[in-house]
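The block underneath contains the structure these notes are about, expressed in structure tokens.
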Amino acid sequence: MSQKTAEDHHEGQVANSIRLKGGRMSNCVLRSQTNKNGQDRYTTEDKPPHLPCGVAGSRQVRYRDAAAWREGGGRLCCQSMLAHQIDNAAVGGAWIWDSQPRQGPGPATVFFRRTLSAQECERITTLRISADGRYRAFMNGRCIARGPCRGVMEQYHYETVDIAAEIKPGKSNVLAVEVRWCGPELAPCAEVHQAGGLWAMLGDAQETARFVTDTRWRVLRSTGHNLLAVAAKPNVYTDIDPTEDVDLQNVPPGWREPEFDDSQWSCATQVAPAMGRYSVGRMTAHAHELVGREIPLLPETDVNPRRVLCVEELAWAGESTRREIVADSIRRLPCDSRFWGDNATPLELPAGTHAVTIDMGEMSTAFVRLVIEAPAGTMVELRYSEALWIDGRKGRRDDPSGKVEGYYDIFTCRGGVNEIEPFVWRAFRFLKISIHHPAGPVVLRNLRIRQTNYPFQRFAEFESSDPLHKTLADISWRTALCCAHEHYEDCPYYEQLQYVGDTRLQSLISYIVTGDFRLARQALRQFALSRRSDGITLSRTPSRPEKPQIIPNFSLIWIEFLEDFWMHSGDRQIVRELWSAVESILAWFDRFDRDGLLVDTPYWIFTDWTFPTDGRHVAGSEGELNMRRFAAVKAAARLAGAIGRADLVDRYRKSASAIQLAIRNRLWNASRGLFADKLDGAVIGEHASILAVLHDLVDRKTSLEIVGRLEQADDLAKTTIYYSYYTFRAYEKLGMWNRAYLSRKHLWENQLALGASTWFESPEPSRSDCHAWGSWVLCDLFTSILGITPASAGYESVVITPQFAGLDWAKGSMPTVRGTIAVAWERQRGGYSCTIALPPDTQGDLVAPDGRRFAIAAGEQVVWVGD
């Protein structure tokens, strides 16, 4: 099968390529083939001279899966495009719990253990596991998995873990699992659960041996674990995992280890049958419809803090109304200890109350583990902060005169050596370890920080003559990583919620910088699954049913998100799979159509943070919403064409024309020469007019006039770092990307002046210091300065439109599903020398600033562009 037709063969026939170091393009192609058992196998085919590890000449090397292929030197750009593989044979046995109610009002932490005999272990290689709510699993004392991956009840995830290397042959082995049930009052918004329970199945790859969760498991409900509502700042929306309050004196030491004696524990109770999705023979829908997770397990990587910022002696203020250490600083103590890493130097503190503030140097999303030797009853508080605060405000984020403010976890030590480790990862740049230990000295022996994110790899490379670009790229990448775990997140510190508006921009980074489509594909499906019975999607998902939120603008953006995915991946199958969501969303808006315009559209019409507030929410732009609908209907016509629905192409084109005419006639404010935000003609912001330019609602002459008026207006709400993505696209359409960049690069430079290590949510005073919707500027380095964009789906053809932007030179490469595209250009006397390398079976055009087009073919070529 040729690469040119790869996008038409969605059943695993996806061609991908490897980029080698140095920006050179490899001819090595990964091909996915589905075998008779429905399992994907991956092969590589390579032609000299670019040979990844494990490939010799044109010889074909077969790997058991994509992970093995990557270990051999390759990279997976785009996995099999099939929808969820429904494999109910992988689900068996029952959910188990202890003897207490599964849906109690309060939180519960329950320990489970299963001892496996040496004979049983001879046939075990794989663990499938899930829990309601969250779990962490240990094999012979070593953590092997955390989960389940966030989802909803109709697609409740289980993890599949290869445990062959963890099994000790010829001996008994112990699988220990800690399950945390938050209860309805404390569960974060993004955690969708129903009733406490654990499900697990151990077996081999051929399913000839199975050991499931049953009454042979031992169980103990912890009396040492409690959860508290997260300590959020007043009037600051925070909806994450609750504060952990753990008394280690009431937790059995060593309970995860194989030597532990669990004979006094109870036998587990089977509470419900475990069933997969669409299981046959059910009289009623089952609570948890189990499916395998779509995305990889999240890695954990050790990172060292930058320094101990300070050690303080504190004056204990006594017991507080909630469990926390309240104390005032008496004095700062000298400290040169680094109690982390391979050469950790323990830090000893005399009896009293102390605080040690750790500076990570940059924003982190990580698991924290502290080994401390302390007297019984010692209280240890871990408090997390994105910045150092001064008088209740954030200024320079790393100002050493500031202090750590934020939520926390708290632990009470047993006498001796304690391992303190919160159950979940936390987001922080600064970590304050407060210790109340009046009974004697303590020794901080080791601090371990394990960074965790979705396993994106940064394959795209970019350099230019402007050093600011590297800073923009590095901080954007760090922000994107911190906002990607089991799904994309708006921010890791306050919400950890996946919103459509944010996710569309975050996904672009995934396509362009990493070539990894898996998290974006999951997001598209999750939003489609979130639709209500009337057809509209939720603005955020996964989301607890009692906390629904609808932002109609975001539902329209989802359609553009789907088109982005198709253009970058060439995957028509997902368009077919999710087409009903496109139709249902647009049909929902038809209810509020009044002669071509949306009128009185319900719910939260969110446009941008700079719009004035109505007292409860930021007020939105009705004009911008109508522009969004126009763009979504046009995108729907193109998507319909992609799946061969010519009848719908015509229908949606006619609908777009009617909407365009209505907008022109009824939302154009002639006195301002701009498009209105309100049906009464009021112009509040620049957003509606920006979208009019971007989506060709007016001709080029009018577009240029609109842009000129917007630049002169000083009474309009401006686009923030989030919405400026669309501003840049509008300017770029007019050939004026550099003008947008020069007038708006302060959006990032102002944050750098405040010591930002990740991009803020909004202009100061910003709530969140880590919001990935500002990281889209990383994409522009490749799509604008280098000018690489797909002209047809899956990069079968490309358009290279470099924005020379006053630079002396720029060069870089980016992965695509067809192979690496590399562009380098350099200013020379009288013009620019452009070197372009395209993968096989790819062609396109280089577009000069004056509009001239130069045909480019596969391979490397040099094109001269005169001034």
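There is at least one residue in region 604-616 that is over 26 Å from the mean Cα position of the chain (by Cα), touching a residue at least 12 places away in the same chain (Cβ under 8 Å) and outside any helix (DSSP H, G or I). Residue 817 fulfils the conditions (1) buried (at least 16 other Cβ atoms within 10 Å of the Cβ); (2) free of Cβ contacts under 8 Å to residues at least 60 places away in the same chain except for a single criterion, (2). Scanning region 216-237 for residues being of a type in the set (Ser, Thr, Tyr) and at pLDDT 95 or above gives a total of 2. In region 379-392 there is at least one residue matching the filter, namely being farther than 28 Å from residue 757 by Cα, surrounded by fewer than 22 Cβ atoms within 10 Å (Cβ to Cβ) and touching a residue at least 12 places away in the same chain (Cβ under 8 Å). State whether one or more residues within region 475-492 are touching a residue at least 12 places away in the same chain (Cβ under 8 Å), within 29 Å of residue 811 (Cα to Cα), open to solvent by 10 Å² or more (accessible area, probe 1.4 Å) and more than 13 Å from the chain's Cα centre (by Cα). The answer is yes, given that some residue of region 475-492 is touching a residue at least 12 places away in the same chain (Cβ under 8 Å), within 29 Å of residue 811 (Cα to Cα), open to solvent by 10 Å² or more (accessible area, probe 1.4 Å) and more than 13 Å from the chain's Cα centre (by Cα). Pairing residues of region 170-183 that are within 17 Å of residue 108 (Cα to Cα) with residues that are surrounded by fewer than 21 Cβ atoms within 10 Å (Cβ to Cβ) and hydrophobic (A, V, I, L, M, F, W, C), at Cβ distances under 6 Å and at least 6 apart in sequence or on separate chains, gives 176/138; 180/423. All of (1) in a strand (DSSP E or B); (2) within 25 Å of residue 485 (Cβ to Cβ); (3) open to solvent by 40 Å² or more (accessible area, probe 1.4 Å) hold for residue 291 with one exception: (3). Whether a residue is open to solvent by 70 Å² or more (accessible area, probe 1.4 Å), out of contact with any Pro (no Cβ under 7 Å at 6 or more places or on another chain) and either farther than 27 Å from residue 229 by Cα or of a type in the set (D, E, K, R) (or both) was assessed, and residue 399 does not pass this test. If you check residue 355 against the conditions, is it hydrophobic (A, V, I, L, M, F, W, C), in contact with a helix residue (DSSP H, G or I) (Cβ under 9 Å, 6 or more places away or on another chain), surrounded by 14 or more Cβ atoms within 10 Å (Cβ to Cβ) and more than 16 Å from residue 303 (Cα to Cα)? When the stated conditions are applied, residue 355 does not pass them.
Of all the numbered requirements in (1) modelled with pLDDT of 95 or more; (2) open to solvent by 20 Å² or more (accessible area, probe 1.4 Å); (3) closer than 24 Å to residue 228 by Cβ, residue 323 misses one, and that requirement is (1). Residues of region 756-775 that are surrounded by fewer than 24 Cβ atoms within 10 Å (Cβ to Cβ) and either within 29 Å of residue 825 (Cα to Cα) or basic (Lys, Arg) (or both): 767 alone.
Residue pairs whose Cβ atoms lie under 7 Å apart, sitting 6 or more positions apart in sequence or on different chains, and linking a residue in region 350-377 that is part of a strand (DSSP E or B) to a partner that is surrounded by fewer than 23 Cβ atoms within 10 Å (Cβ to Cβ) and of a type in the set (Ser, Thr, Tyr), are 365/452; 366/452; 367/452.
If you check 689, 671, 724, 703 for being out of contact with any helix residue (DSSP H, G or I) (no Cβ under 8 Å at 6 or more places or on another chain) and at pLDDT 95 or above, only one passes: 671.
Note on region 669-719: residues that are in a loop (DSSP other than H, G, I, E, B) and surrounded by fewer than 21 Cβ atoms within 10 Å (Cβ to Cβ) amount to 17. Out of all the residues in region 420-441, is one or more among the aliphatic types (A, V, I, L, M), over 30 Å from residue 780 (Cβ atoms) and in contact with a His (Cβ under 8 Å, 6 or more places away or on another chain)? Checked region 420-441: at least one residue is among the aliphatic types (A, V, I, L, M), over 30 Å from residue 780 (Cβ atoms) and in contact with a His (Cβ under 8 Å, 6 or more places away or on another chain).
Counting just the residues of region 387-396 that are closer than 20 Å to residue 332 by Cα and in a loop (DSSP other than H, G, I, E, B), which one comes out nearest to the chain's Cα centre (by Cα)? Among those that are closer than 20 Å to residue 332 by Cα and in a loop (DSSP other than H, G, I, E, B), it is 387.
Within region 257-277, none of the residues are within 34 Å of the chain's Cα centre (by Cα), more than 22 Å from residue 127 (Cβ to Cβ) and modelled with pLDDT of 95 or more. When restricted to residues that are open to solvent by 20 Å² or more (accessible area, probe 1.4 Å) and assigned to a helix (DSSP H, G or I), region 544-567 contains 4. For region 607-631, the candidate set comprises residues that are aromatic (Phe, Trp, Tyr) and modelled with pLDDT under 95; within that set, the residue that is surrounded by the fewest Cβ atoms within 10 Å (Cβ to Cβ) is 609. Of all the residues in region 235-283, those that are more than 29 Å from residue 409 (Cα to Cα), in a loop (DSSP other than H, G, I, E, B) and either touching a helix residue (DSSP H, G or I) at 6+ places or on another chain (Cβ under 6 Å) or small (Gly, Ala, Ser) (or both) number 5. Looking across region 338-352, the residues that are of a type outside the set (Asp, Glu), under 33 Å from the mean Cα position of the chain (by Cα) and surrounded by fewer than 20 Cβ atoms within 10 Å (Cβ to Cβ) come down to 338, 341, 344. Within region 824-843, the residues that satisfy the criterion of being open to solvent by less than 30 Å² (accessible area, probe 1.4 Å) and on the phi < 0 side of the Ramachandran plot are 825, 832, 833, 834, 836, 837, 838, 839, 842. Pairing residues of region 295-319 that are within 21 Å of residue 378 (Cβ to Cβ) with residues that are surrounded by 15 or more Cβ atoms within 10 Å (Cβ to Cβ) and among the basic types (Lys, Arg), at Cβ distances under 9 Å and at least 6 apart in sequence or on separate chains, gives 308/338.
Within the option set 541, 601, being within 29 Å of residue 718 (Cβ to Cβ) and surrounded by 18 or more Cβ atoms within 10 Å (Cβ to Cβ) holds for one residue only, 601.
Limited to region 654-665, what total is found for residues that are surrounded by 18 or more Cβ atoms within 10 Å (Cβ to Cβ) and not β-branched (Val, Ile, Thr)? The total comes to 4.
Within region 784-797, restricting attention to residues that are part of a helix (DSSP H, G or I) and touching a helix residue (DSSP H, G or I) at 6+ places or on another chain (Cβ under 7 Å), the residue that is nearest to residue 722 (Cα to Cα) is 784.
The values are calculated or read from the model by the stated rules, or taken from the named source; none is laboratory data. Just so we're clear, the structure is a prediction, and the values are computed from it rather than from any experiment. Please note: Cβ atoms are built from the backbone with ideal geometry, for glycine as well, and neighbour counts cover all protein chains shown. For the accessible areas, the whole protein counts, side chains as well, though only heavy atoms, and no ligand, DNA or RNA atoms are used. Shrake-Rupley method; radii C 1.70, N 1.55, O 1.52, S 1.80 Å.
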